[in-house]
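A.B. asks: Handing you this structure, nothing more for now.
The values are calculated or read from the model by the stated rules, or taken from the named source; none is laboratory data. Since we're looking at a predicted model, the values are computed, not measured. Note that each Cβ is placed from the backbone with ideal geometry, even for glycine, and that neighbours are counted across all protein chains shown. With ligands, DNA and RNA removed, areas are computed over all heavy atoms of the protein, side chains included. Shrake-Rupley method; radii C 1.70, N 1.55, O 1.52, S 1.80 Å.
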Amino acid sequence: MTSSAKRSCGDCTLCCKVMAIEALAKPVNAWCLHCRPGRGCMIYTARPAECAAFACLWLASDLLDERWKPNRSKLVLTTSEDGIEVRCDPGFPNAWRREPYASEIRAWAVEGESSNMTVVVIVDQRMILVTPDREFDLGIVGPDERIVRELEGTKVVGASVLKESELDDRASDPAPPA
Ligand code: SF4
Ligand code: SF4
């Protein structure tokens, strides 16, 4: 929890539930022991650096309106290396299917298809890759695993999960003989 120039978390504490905090060995989807839900962090001035540095997209960007405030939408948005991640409050696993969220998430997927950006919804640790016309439920993706998309042009026609080591092997494989 933190604050941006324009917004502050106020009565939202949802990231203190859905995010893992390595320094506290706090798993995902469990309230931090230092959180008073809806009130704030009880160790605010001594909170771990990763908490101090964290800002969800609603907090960091005024592109998302008040409906997207995490304790209202039940969705915490962050960026990833490849695009956007939408984490559902585990108490509201279908929050992302409600409006206006479902339409907006689909619109980002449409935009992402032309700009090579992924939109991933995370429900109970399951990762769902959302494309303009499909959803790929990829299950739990480990920290050493990556989502690999199969493309036809810019269209995503398949998705799988590979270990990073398998990706490295692929990258170092010699080119097949001509
Ligand atoms: S989810 Fe966003 S708005 Fe809510 S407490 Fe965390 S950083 Fe603040
Ligand atoms: S230490 Fe504070 S800011 Fe960090 S997860 Fe716990 S309650 Fe939230």
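A.B. asks: Condition first: within 12 Å of ligand 1 (Cβ to nearest atom) and farther than 20 Å from Val86 by Cα. Now tell me which residues in segment 12-35 satisfy that.
C.D. replies: The answer is Cys35, and nothing else.
Quick grid of which residues meet (1) of a type outside the set (S, T, N, Q); (2) open to solvent by less than 30 Å² (accessible area, probe 1.4 Å):
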site: Asp11; (1), (2): yes, no
site: Thr45; (1), (2): no, no
site: Leu75; (1), (2): yes, yes
site: Pro93; (1), (2): yes, no
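A.B. asks: Would you check if Ile105 is more than 11 Å from ligand 2 (Cβ to nearest atom) and either among the β-branched types (Val, Ile, Thr) or touching a His at 6+ places or on another chain (Cβ under 9 Å) (or both)?
C.D. replies: Criteria met by Ile105.
The rows are residues; the columns are (1) assigned to a loop (DSSP other than H, G, I, E, B); (2) hydrophobic (A, V, I, L, M, F, W, C); (3) within 14 Å of the chain's Cα centre (by Cα).
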{"position": "Lys6", "(1), (2), (3)": "yes, no, no"}
{"position": "Val28", "(1), (2), (3)": "yes, yes, yes"}
{"position": "Cys51", "(1), (2), (3)": "no, yes, no"}
{"position": "Trp58", "(1), (2), (3)": "no, yes, yes"}
{"position": "Phe92", "(1), (2), (3)": "yes, yes, no"}
{"position": "Glu104", "(1), (2), (3)": "no, no, no"}
{"position": "Val110", "(1), (2), (3)": "no, yes, no"}
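A.B. asks: For segment 40-94, name all the residues that are free of Cβ contacts under 8 Å to residues at least 40 places away in the same chain and in contact with a Ser or Thr (Cβ under 7 Å, 6 or more places away or on another chain).
C.D. replies: Across segment 40-94, the qualifying residues are Gly40, Leu57, Arg67, Gly83, Glu85.
A.B. asks: Filter segment 135-150 down to residues that are surrounded by 11 or more Cβ atoms within 10 Å (Cβ to Cβ) and touching a helix residue (DSSP H, G or I) at 6+ places or on another chain (Cβ under 9 Å), then give me how many there are.
C.D. replies: The qualifying residues number 3.
A.B. asks: Quick one: Glu81 ticks every box in (1) part of a loop (DSSP other than H, G, I, E, B); (2) open to solvent by less than 70 Å² (accessible area, probe 1.4 Å) bar one, so which box is it?
C.D. replies: Glu81 satisfies all of (1) part of a loop (DSSP other than H, G, I, E, B); (2) open to solvent by less than 70 Å² (accessible area, probe 1.4 Å) except (2).
A.B. asks: How many of the residues in segment 60-73 are within 15 Å of the chain's Cα centre (by Cα) and open to solvent by 50 Å² or more (accessible area, probe 1.4 Å)?
C.D. replies: 1
A.B. asks: Now, a different point. Among the residues of segment 9-18, count how many are out of contact with any Ser or Thr (no Cβ under 8 Å at 6 or more places or on another chain) and either at pLDDT below 95 or in a loop (DSSP other than H, G, I, E, B) (or both). Step through it out loud before you land on a result.
C.D. replies: First, the residues of segment 9-18 that are out of contact with any Ser or Thr (no Cβ under 8 Å at 6 or more places or on another chain): 10-18.
Subsequent filtering for residues that are either at pLDDT below 95 or in a loop (DSSP other than H, G, I, E, B) (or both) retains 10-14.
Qualifying residue count, segment 9-18: 5.
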